[in-house]
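Reviewing the structure listed below.
The values are calculated or read from the model by the stated rules, or taken from the named source; none is laboratory data. Predicted model, so just to flag it, every value in this text is computed and none were measured. When we count neighbours, we look across all protein chains shown, and the Cβ atoms used for this are built from the backbone with ideal geometry, even at glycine. Accessible surface is based on the protein model in full, side chains and every heavy atom, while ligands, DNA and RNA are left aside. Shrake-Rupley method; radii C 1.70, N 1.55, O 1.52, S 1.80 Å.
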Amino acid sequence: MANSSHSISPTAIAQRGRICSQFPPFKTSTATSRRYGRRGYRRIRSRRLQRLAQQTIMVVVTPETRYAKSGEVSIAYQVVGDGPRDLILVPGWMSNIEVFWDEPAVARFLRRLATFSRLILFDKRGTGLSDRLGTLPDLETRMDDVRAVMDAVGSTRAALCGYSEGGVMCALFAATYPARTTALITVGSYARQKPASDYPWGRTQEQQEKLLNEIQKDWGGPVGLDLRAPSLAHDDRVRQWWARFLRMSASPTTALALTRMNYEIDVRHVLSAIRVPTLLLHSAGDKSVDVHATRYMAELIAGAKYVEFPSSDHLPWGADADAILDEIEEFLTGSRHGPEPDRILATILFTDIVGSTDRAAELGDRRWRDLLESFYGVVRRELPRYRGVEVSTVGDGVLATFDGPARGVRCARSIADAVLALGLEVRTGLHTGECELIDDNVGGIAVHTASRVAALARPGEVLVSHTVKDLVAGSGIRFESRGTHTLKGVPGEWPLFATISQTRE
């Protein structure tokens with residue numbers, strides 16, 4: 001049963017204000033979505049970014065999970081994108097193709113792959129959403145699941161990309177079915193895990209037992225994340241996602257069985273039989289799989305291209321994600337386009353307390369902290385009233401965004417008036433422009449401009465750029481000119497205007 005008609009085009013994953021009618025079988029999510037460059041959309045799990053992106057509200061259409069039959073076993077798969085070439089991503093240790101999409105770093109990685117391919121994802125038998133089995137099959141049987149998924153989606157030939165243990169499956173498939181393999185790509189992979197007399201790299205027996213003990217003792221938590229992605233391991237949100245990902249991917253018993261099975265894998269003898277274009281990628285400081293494992297593969301696979309990256313991450317969506325994606329795209333298409341920045345139009349507000357240093361010295365640390373918390377409380381009470389989103393606290397001030405300039409101006413004015421009751425005055429600046437979304441923050445020239453405008457505001461004043469003033473014409477908000485200024489680091493001259501306080505009206 002060919003299901004290629006159910007693939008998702010990145011340019012059609014969401015449409016403004018409605019579900020794409022051409023994909024009625026797909027599930028929808030209540031999470032906010034925003035445009036991913038000019039090629040597609042990705043889900044935003046951060047609450048702050050969900051609200052920040054409400055000016056481009058979308059209904060997310062996530063990939064539908066379908067099933068292919070491999071013998072009597074059901075294999076869960078998804079298809080994303082409608083590119084000119086099929087690309088099958090074979091996961092490593094374990095996976096859950098639906099939980100993948102809950103982590104922005106993984107979703108971003110997958111969406112990028114889908115910009116230049118029809119991306120095919122699946123959970124190997126015994127893991128994720130595929131049939132759970134009493135005993136795990138050998139590597140050859142699991143390899144047949146790739147062929148079953150290809151048949152289900154109507155793919156006659158595909159590039160195979162596998163990370164970690166998934167690379168082993170891809171290598172075996174490429175050697176066994178070269179007519180169905182257009183290219184082989186591995187990331188952080190190996191031909192063998194256990195060291196041998198003629199293979200000094202790999203996980204020692206002591207390290208293996210330590211990992212097995214950790215699985216037995218700590219399954220349910222973020223097992224192995226410190227080893228697999230040091231750059232992400234400090235992030236509590238990622239740790240929580242990883243723990244859930246593991247729980248949804250396999251039971252503790254299955255995880256132990258997989259770890260033992262993978263430790264016995266040895267496909268060194270098939271490497272010389274691989275005759276398809278091959279790209280081998282590895283991070284030099286990989287703490288999970290020694291970089292020498294892929295260097296060894298590169299020596300035995302004829303014509304293989306080998307690329308090394310500087311980080312210590314094993315997971316492909318970690319610190320080297322963009323570089324890995326660039327290499328894969330160029331290898332498959334002949335060119336690389338790089339990730340396109342995620343941008344939105346927003347009104348940026350900067351506000352900070354006037355004379356904060358003197359007040360802190362006057363009050364002492366404890367009383368100043370209490371006053372500062374009261375100030376933040378006022379700001380956080382006012383922001384939701386005007387659909388504002390707190391992005392960060394900056395020193396003794398706040399950076400926030402709004403999906404409309406009039407709401408931003410009114411909120412700024414309300415904050416300026418409300419903090420008078422605390423014995424405080426604030427200076428505030430606003431500017432409207434295109435911003436780049438950077439994780440849970442915003443950046444770009446628009447943010448820089450708003451900061452410079454705020455620095456020129458007088459105590460108690462809400463100062464805005466001429467862009468804001470022009471956009472709120474007809475709103476009833478009144479302004480007074482503050483002349484034309486040069487903003488440090490911002491090209492051109494800028495007419496600035498102060499709002500008239502509500503207490504003066």
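Taking Rh as the Kirkwood radius computed over C-alpha pairs, what is the Stokes-Einstein D of the range 254-310 at 4 °C in a medium of viscosity 1.567 mPa s, expressed in µm² per second?
It diffuses with D of about 102 µm²/s by this estimate.
Probe of 1.4 angstrom, ligands and nucleic acids ignored: what's the accessible area per residue over the chain, in square angstrom?
Heavy-atom SASA per residue in the chain reads 41 Å².
What number, rounded to the nearest 500 deg cm²/dmol, is the helix-based mean residue ellipticity at 222 nm of the chain, given -39500 (n - 2.57) per DSSP H run of at least four residues and division by all its residues?
Using -39500 (n - 2.57) per qualifying helix, the result is -10500 deg cm²/dmol.
So, with a 1.4 angstrom probe, what is the percent of accessible area on the range 197-306 that is carbon and sulfur?
Whole-percent figure for carbon plus sulfur exposure: 51.
Report the Rg/Rh value for the chain, based on alpha-carbon coordinates and the Kirkwood definition of Rh.
Radius of gyration relative to Kirkwood radius: 1.07.
Taking all protein chains in place and a 1.4 Å probe, what share, in percent, of the accessible surface of the range 365-429 do carbon and sulfur account for?
47
Just to verify a number: FRET efficiency for THR357 and ARG385, C-beta to C-beta distance, R0 = 35 Å, to 0.05?
0.70
What percentage of all Cα-Cα pairs in the range 78-218 are separated by more than 25 Å?
Of the Cα pairs, 31 percent sit more than 25 Å apart.
Which whole-number percent gives the relative contact order of the chain, counting Cα pairs below 8 Å spaced six or more residues apart?
That works out to 11 percent.
Under a Cβ-only charge scheme (Lys and Arg +1, Asp and Glu -1), can you give me the dipole magnitude of the chain about the Cα centre, in debye to the nearest 20?
Computed charge dipole of the chain: roughly 1380 debye.
Nearest 0.05, what FRET efficiency do ARG132 and LEU300 give at R0 = 45 Å with Cβ-Cβ as r?
Result of the calculation: an efficiency of 0.80.
Checking the cross-link filter: which lysines have an alpha carbon closer than 30 Å to that of LYS210, excluding same-chain neighbours under 8 positions apart?
LYS124, LYS194, LYS287
Hey, what did the range 83-145 get for relative contact order, percent, Cα under 8 Å, at least 6 apart?
Computed over the range 83-145, the figure is 40 percent.
How high is the relative contact order of the range 126-277, given as a whole-number percent (alpha carbon pairs under 8 Å, six or more residues apart)?
Normalised by residue count, the contact order of the range 126-277 is 28 percent.
Among rounded, prolate and oblate, which fits the range 147-245 when a ≥ b ≥ c are the square roots of the eigenvalues of its C-alpha gyration tensor, a/c under 1.5 means rounded, and a/b larger than b/c means prolate?
Oblate shape, in that a/c is at least 1.5 and b/c is the bigger or equal ratio.
Tell me the GluC sites (Glu not before Pro) within the range 209-293 that lie in a loop according to DSSP and have at most 14 other beta-carbon atoms within 10 Å.
Qualifying residues, ordered by number: GLU264.
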